[in-house]
Amino acid sequence: MNLDRFSQGLPDPQNAEVMAYCEGCGGEIYEGEDVYVVEGEILHAEWECLVQYIDPEVKTIEEALGVE
Ligand SMILES: [Zn+2]
């Protein structure tokens, strides 16, 4: 089994510097990336990260309004 190709890591730009870590997914954010800033916290500019950060309750509309 040849592991050499895995030692290169993820296909991120080789010279990209890690600027921050996403408060949503915990992943690295590289220079030049678009981000969301929510209440001063930095997230990838991705819906998934935003949802992970906010962690909203999922309810039906009836439950949310307190109606039957
Ligand atoms: Zn993220």
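Throughout, read-outs are computed from the coordinates displayed, never taken from laboratory work. Computed from a predicted structure; not experimentally measured. Please note: Cβ atoms are built from the backbone with ideal geometry, for glycine as well, and neighbour counts cover all protein chains shown.
Listed by first and then second residue, the pairs linking a residue in region 50-67 that is closer than 21 Å to residue 39 by Cβ to a residue that is among the aliphatic types (A, V, I, L, M), with Cβ atoms under 9 Å apart and 6 or more places separating them unless they lie on different chains, are 50/38; 50/43; 52/43; 53/38; 53/43; 54/38; 57/64. Scanning region 46-62 for residues that are in a loop (DSSP other than H, G, I, E, B) and β-branched (Val, Ile, Thr) turns up 58, 60.
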